[in-house]
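Below is one structure; the comments refer to it alone.
Nothing in this text is a laboratory measurement; each read-out follows from the coordinates by a stated rule. All of these numbers come straight from a predicted model, not from anything done at the bench. Cβ coordinates were reconstructed from backbone atoms using ideal geometry, including for glycine residues, and neighbour counts include every protein chain displayed.
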Amino acid sequence: MRKRTIPSALLLLCILFLFVADQGQKFQANAEDNSDELVDPPKVEDKIGAVPQGLSTDSDVAKREAESISKRSLRSNAEKFEFQAEVSRLMDILINSLYSNKDIFLRELISNASDALDKIRFLSLTDKDTLGEGDNAKLEIQIKLDKEKKILSIRDRGIGMTKEDLIKNLGTIAKSGTSAFVEKLQTSGDLNLIGQFGVGFYSVYLVADYVEVISKHNDDKQYVWESKADGAFAISEDTWNEPIGRGTEIRLHLKEEAGEYAEEFKLKELVKRYSEFINFPIHIWASKEVDVEVPADEDQDEDSTESSSKEENEDEEDADKGEDEEEKPKTKTVKETTYEWELLNDVKAIWLRSPKEVTEEEYTKFYNSLAKDFSGEKPLSWSHFTAEGDVEFKAVLYVPPKAPQDLYESYYNSNKSNLKLYVRRVFISDEFDELLPKYLSFLIGLVDSDTLPLNVSREMLQQHSSLRTIKKKLIRKALDMIRKLAEEDPDESTDKEKKEESSPEVDEKRGQYTKFWNEFGKSIKLGIIEDATNRNRLSKLLRFETTKSEGKLVSLDQYISRMKAGQKDFFYITGASKEQLENSPFLERLKKKNYEVIFFTDPVDEYLMQYLMDYEDKKFQNVSKEGLKLGKDSNDKELKESFKDLTKWWKDSLSNDNVDDVKISNRLDNTPCVVVTSKFGWSANMERIMQAQTLSDAKKQAYMRGKRVLEINPRHPIIKELRERVVKNPEDESVKQTAQLIYQTALLESGFLLKDPKEFASRIYDSVKTSLDISRDATVEEEDETEVEVESETKEESTPVPEANEVSHDADVKDEL
């Protein structure tokens, strides 16, 4: 029986061997037939951490994207668009940029991601389904780096963009901020301002030559925006990437020279520096080395056994003991690289912490994050406080170091606000101009209220009664912060010892309020005009130059401290410039009597003084208007009587020039006369400002223009001589002409514009003729009117005369022909 079984087994083995060989030949033939096709070994990357549908890419996805990524070309089936002209201009500047600070691109992308997350969180307050479930509900920012392919990905789970949004926001819409930033960039070369103009996305082209934006909005399909920054971009429906659920992923294909941004430590450093206080968690897919126990290598064990024969001999004695114990597998410890999500911004929100716990450096970093200002300048001041009572909220307010370029360009038409409103740590809006009045719109900050309702619309929230209370407290705190800035400035002190004190802290605060005033002084003046409730507080913040300030700024309180005994009013004068006002005839007597006069040279000052009527029970007196009181003169009555004939005659002769009266002046010293306006009419400076208005109304100007009064200096020799001639012959035409010339000269010197400059010029020339002993009847010499025949001369000049060699050459040519 055994003899038969053995041959049968051998036969079965032979049959099996032949079958396997035949299958191998078929397999090899199939492989040769498909040798021209791309073979990609099955490769599946591990899912990234505990986040499904993250930034991972399997082999099938990589294969579908291979052509687009490797060749840096736009997908053939994508819809092509041209960039809007200003965007192309900006991108050209950035692509060819030699700026050293290219780090800003990451902070701009993270800032945009944060804005997208804020929007979706706000929408979820009224519609919980907006957020979705699972990973989509996690409001976070993820950064992942593919070092081999040099691809950097930034992903958010924000509101996402529809196809229309991608076209509008990333290429074709004409944003005013684009041109404004380009102009600023070309003048200052400061890239740090890019975020303030709303064009931060384009900073990606500082480091990347090809960019993909994958975005999914709840109301649309998933789309891919891509561009090589060559003047065009493409958008196509995304059918090859993994569904991202909701949000946006930006993939940067880094330039060769941007290799430093393919390093994990560099990305961590940038996030810590610029985005530490972003209000959403920022994770990076970070590598980490861990110790792992692995089985020991057998060959290595044999080598170690041969080299340690002595140890084996010693161990033979214990061999019997080890026989009873189970043999343990030999292992060794090796370093293994693993990946996991690492949180980068684990600092608690500043406004939720006690002010005592927050360092100056943290306040500065938080300001940089809020203002998107990374120029390196510290804010001038800040206020961090908690309000309690009927309405509870926490707030941080900053005074920026510089005013925005367009701060006053559209002051009354803009709803722009630099104050972010949060309700219970949820961002609501940064468009609430009801939180601060317009004149404080330059302040940057954040308000977080626990009292306001969450699940209401912005329109309803704007009408909420608590907002008025918050606004009132914010204004008070803001003005206290600015007042404190002035109090801590040694240059503002009246104490000589404090002014001369020197230390690093004191020197840092020196000149800070002057800097504030030069940037935002106009806002304080507008506040006095608009805010009657806080007018007195704002008046304390006013600064100006005076006849005694020697180029330094002075406050109203400092002016009061220097007032002369018996002085009851503030004296001021308005004009186009300090240099012009310093030589004004209106100041002659005031200077002589040692009175201090305030210079107002800003056009808004004319409006300001219509509202600032008094301060600390002292009135304001414009020294270019009638009613100036400098004390009584014992000779006033006698002077008026002695010049009565001149003043009456002059008033009658100027009846057609809108002159209400001619009076004896108490403000002149070296000037013959000046023209002043009525107390409640426009000053000469105000008339000039109103005439310069584009849409000015001539009828209204005529109504508002004050009555003019000619004030004469009774001690001046010209006025004395004019009086004598008027007494002798009031009808003398030369005296009338002289009086008119004096009046017109006084108009110009007083700041008014002449109604007929030609008439004034003619009188000046007549006066010059008299001084040169030229007869007034002398005429201009007649011009010789002999006509020159220009046309005939031109024709003669245009006809060329051939030279001798040219004539002979022509003759030779004819002979040859």
(message) Ranking request for peptides 773-784, 425-436: highest mean number of other beta-carbon atoms within 10 Å first, then the rest in descending order.
(response) 425-436, 773-784
(request) Please give the net charge around Arg708, taking every other residue with its beta carbon less than 14 angstrom from that of Arg708, where Lys and Arg add +1 and Asp and Glu add -1. (result) 0
(request) First check a/c for the range 696-778, with a ≥ b ≥ c the square roots of the eigenvalues of its C-alpha gyration tensor; if it is under 1.5, answer rounded, and if not, answer prolate when a/b is larger than b/c or oblate otherwise. (result) oblate
(request) Determine the sum of side-chain charges near Glu388: Lys and Arg each +1, Asp and Glu each -1, restricted to other residues whose C-beta is under 15 angstrom from that of Glu388. (result) +1
(request) Lys and Arg at +1, Asp and Glu at -1: add these up for the other residues within a Cβ distance under 12 Å of Lys472 and post the number. (result) +2
(request) Pop out the ³J(HN,Hα) list for the range 149-159 in order, Karplus 6.51 cos²θ - 1.76 cosθ + 1.60 with θ = phi - 60°, rounded to Hz; leave Gly and Pro as x. (result) 8, 6, 10, 10, 10, 10, 10, 10, 10, x, 6
(message) Per residue of the range 109-114, what does 6.51 cos²θ - 1.76 cosθ + 1.60 with θ = phi - 60° give for ³J(HN,Hα)? Whole Hz please, x for Gly and Pro, Karplus curve as stated.
(response) 5, 5, 4, 5, 4, 4
(message) Quick check: residue separation of Glu377 and Asn656 times 0.36 nm, minus the Cα distance between them. What number comes out in nm?
(response) 94.5 nm
(request) With a ≥ b ≥ c taken as the square roots of the eigenvalues of the C-alpha gyration tensor of the range 551-691, please select rounded if a/c is under 1.5 and otherwise prolate if a/b is larger than b/c or oblate if it is not? (result) oblate
